[in-house]
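The values are calculated or read from the model by the stated rules, or taken from the named source; none is laboratory data. What you see is a predicted model, and the numbers here were worked out from it, not measured in a lab. FYI the Cβ positions are ideal-geometry reconstructions off the backbone, even for glycines, and counts take in every protein chain you see. Remember, those area values only see protein heavy atoms, side chains included, never the ligands or the DNA or RNA. Shrake-Rupley method; radii C 1.70, N 1.55, O 1.52, S 1.80 Å.
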Amino acid sequence: MKQPEQKIETITVSDLIHQVHVYHDDGYRLVQISCAQEGDAFELTYTFDRDLILSHLRIPADQKTSIPSISRIYLASFVYENEIADLFGIPFSGIAVDYKGTFIRTSVPHPFGTPQITTLKKKQEDQHE
Amino acid sequence: MSKQIIVPFGPQHPVLPEPIHLDLVLEDERVVEAIPSIGYVHRGLEKLVEKRDYKDYVFISERICGICSFIHGATYCQAVEQVMGLEIPRRAEFLRAIWSEYSRMHSHLLWLGCFADAMGYENLFMNCWKVREKILDVLERTTGGRVIQGVNRVGGVSRDMDAAEFRRIETEIPGLRADYTELTRIFDEDLTVQTRTKGVGMLSKDMAWELGAVGPVIRGSGHAVDARMTGYGAYDELDFKPVVRTEGDCHARCLVRAGELFTSLDLIENAIDRIPKGDILIPVKGNPSGEYYAQTEQPRGEVIHYVKANGKKNLVRHRVRTPTLANVPPLVHMLAGCELADVPVIVLTIDPCIGCMER
Amino acid sequence: MALTVLKNLVKGPATIRYPYQPAKVTPVTRGHLVVNINNCIFCGLCRAHCPADAIEVSKPDRTWKLHQFQCVICGCCVSYCPKDCLSIEQTYLPPSPAATIVTVTGPDEPEKNEGQEEGINKKL
């Protein structure tokens, strides 16, 4: 079945807390927070669900400015925020349960957010093995 | 007040099928706080999407998890199909629904067995897995794989079932239902199960919502949250009713899963009755461009596959929000205040799938 | 309960003594990957599309290499093969303590129909 189109609303970081409050007061459930690299910067997407319909909020992010945590509104967000902080190195301020980089144990810090992983050519990969 | 000590639980522990580490802060025998930490089975499958053709990646997305593999593959395909604006054949959607329900049953039976084992009830564990074997036989017969089915393709499924196969499945269903009735009776009435699970790991209705629980965890606390209600794939034509219990303890979560075994059988019967004739696979040309969040229901709860593509044959980003990750906040909440001896039972009731969680 | 005990006594064990008895397979089971090297044109499509990077193809050496422990038997390469020379057999491979690499050398190009010797050697 063709699923409905999804609308992603892009907002600024300063609007985030207010918008999330609005969602919370309307009885939405926090579904997930995801992070994707967009060129040199990152984007965070917050997904909410009410009556089986997903709504999305998107904010730009980078590794220097910290994002206000929404875990005071939705306590559930602390795992997603810790995960993004560990994998992408995007700082969050005021996470309700902050594991301070110990939630996901990685051999290199922030593997998804820094170009530490270089793609080897196929041939070199074989020699390496 | 007594002294606090920290007991490390995992990553290697007899009741844990997969590695998760919990630092349990104890006061005497009571857990004050649990601090989870993961990262032992991270395989970088999300990153691999940047190096593989989006059609070949279906096989990798199926291998995100060793239990709920079929639904991962189907959800990924669904996300890519939505991005490309494909309308796949109706028959393929029905077949996906049938296999999804079979893999749900096999996952729940596996979990019920592991749960019985965690309570120290090994006999029940063997019985659950004996029944599970019948499900795996059907999956192997129809798809070629016992656990990793490998029949999902972008644009449909690669294998069809004929009328004789449907008749055979229909004749097997009453036997399975009898097996489930017996298992459910034991999980519901047995004294061993009741003493280990009743009133343990309480999660109130409000807390479950606030902590973003999904799947049997939230349904055991009285909320009817089930992605199958959205009617993705063929589910809009099937008579689906979520199993909900209101107690919010480990026993309720266990019975939600046992109840879902019957729901799955009903859905399979339903789907066999209503499956239309036609193609099962449409040719897919071109590369996807756009993004989509596909939402489906796995045995463990709702899963979100996010796919972002820019018109090349490799996707830009694939992110999987697995049900276990969403169930970590409720787990941490339930562990605070419980007895040390109940920790294995509570950890298992969220059905942790760490392989999924870390991708 | 007594019924279950009696049933189990009469029926015998529910398990098979694998590997002493063969595992149950169905006609569609994916057991392991084999190549019919005589038809292979060494195009490398299977290598390019393998999700697990298990296949190596070398056109100048006319070899087709499979890292059997890396192969996940998904059947992806089978669907891409232009000559249909890859196929999946039903039987499972025996267990092995070390990684197995199967190297299959194809016949030389000019004498395509004569060179029937295919060298299968397992390097451990």
May I ask for the percentage of alpha-carbon pairs in chain C that lie more than 21 Å from each other? 50
Once both axes come from the Cα atoms, what is the angle between helix B:163-189 and the longest principal axis of chain B, in degrees from 0 to 90, rounded to 10? 10
Considering every residue in B:78-91, what mean count of other chain Cβ atoms within 10 Å of its Cβ is obtained? 1
Treating only Lys and Arg (+1) and Asp and Glu (-1) as charged, each at its beta carbon, one finds that the range C:23-123 has a dipole about its Cα centre, in Debye to the nearest 20, of 420
Modelled label-to-label distance, residue B:4 and residue B:51, 7 Å Cα→beta-carbon offset: nm? 4.3
Classified through the alpha carbon gyration tensor (a ≥ b ≥ c as square roots of its eigenvalues; rounded if a/c is under 1.5, else prolate when a/b is larger than b/c, else oblate), the range A:8-128 comes out prolate
Can you tell me the orientation of helix B:90-118 relative to chain B, as the angle in degrees between its alpha-carbon axis and the longest Cα principal axis, to the nearest 10? 20
Overall form of chain B per C-alpha gyration tensor (a/c, 1.5; a/b vs b/c): oblate
If you line up the long axis of helix B:69-84 against the longest principal axis of chain B, both from Cα atoms, how many degrees apart are they, to the nearest 10? 50
Can you compute the modelled spin-label distance between residue C:93 and residue B:241, with each label point 7 Å from Cα toward Cβ, in nm? 5.0
Any residues in the range B:307-327 that have 40 Å² or more less accessible area with all protein chains than in their chain alone, probe 1.4 Å, and which are they? B:308, B:317, B:319, B:321, B:325
Can you give the calculated 222 nm mean residue ellipticity of the protein assembly as shown, where each DSSP H run of n ≥ 4 adds -39,500 (n - 2.57) and the sum is split over every residue, rounded to the nearest 500 deg cm²/dmol? -11000 deg cm²/dmol
Please name whichever of C:85, B:223, C:69 sits farthest to the positive end of the charge dipole of the protein assembly as shown, dipole taken about the Cα centre and charges placed at Cβ: Lys and Arg +1, Asp and Glu -1. C:85
About the Cα centre of the protein assembly as shown, what is the dipole size in debye to 20, counting +1 per Lys and Arg Cβ and -1 per Asp and Glu Cβ, all else neutral? 1060
Take the alpha carbon gyration tensor of the protein assembly as shown, find the square roots of its eigenvalues, order them as a ≥ b ≥ c, and report rounded if a/c is under 1.5; if not, report prolate when a/b exceeds b/c, else oblate. oblate
Given a 1.4 Å probe and no ligands, DNA or RNA in the count, how much accessible surface is buried by B and A, both sides, to the nearest 100 Å²? 3800
In whole Å and largest first, what semi-axes does the C-alpha gyration tensor of the range A:3-58 yield when each eigenvalue is scaled by 5 and square-rooted? 20, 15, 9
Average beta carbon contacts from partner chains per residue of A:23-32, 10 Å cutoff: 4
HN-Hα J couplings of the range A:70-83 from phi, Karplus 6.51/-1.76/1.60, θ = phi - 60°, integer Hz, Gly and Pro as x? 9, 6, 6, 9, 10, 4, 4, 5, 5, 5, 5, 5, 5, 5
Determine the per residue accessible area of the protein assembly as shown with all protein chains present and a 1.4 angstrom probe, expressed in square angstrom. 43
May I ask you to give the percent of accessible area on the protein assembly as shown that is carbon plus sulfur, with a probe radius of 1.4 Å? 54
Estimated inter-spin distance, residue C:11 and residue B:224, nm [label 7 Å along Cα→Cβ]: 3.6
Plugging the Cβ-Cβ distance of residue B:182 and residue A:15 into 1/(1 + (r/R0)^6) at R0 = 56 Å yields, to the nearest 0.05, a FRET efficiency of 0.50
Output row, site residue A:96, 7 Å Cα→C-beta label point, backbone N cut-off 19 Å, window the range A:1-45, residues A:16-34
By average Cβ neighbour count within 10 Å, what is the ranking of B:11-17, B:225-231 from highest down? B:225-231, B:11-17
Between the range B:144-199 and the range A:75-94, how many Å separate their Cα centres? 38
Explain nothing, just the number: dipole magnitude of the range A:8-128 about its Cα centre with +1 on each Lys and Arg Cβ and -1 on each Asp and Glu Cβ, in debye rounded to the nearest 20. 400
Starting with the highest mean, order B:199-212, A:71-84 by the number of other Cβ atoms within 10 Å, averaged over the residues of each peptide. A:71-84, B:199-212
Partner chain coverage, peptide B:32-42 - average Cβ within 10 angstrom: 4
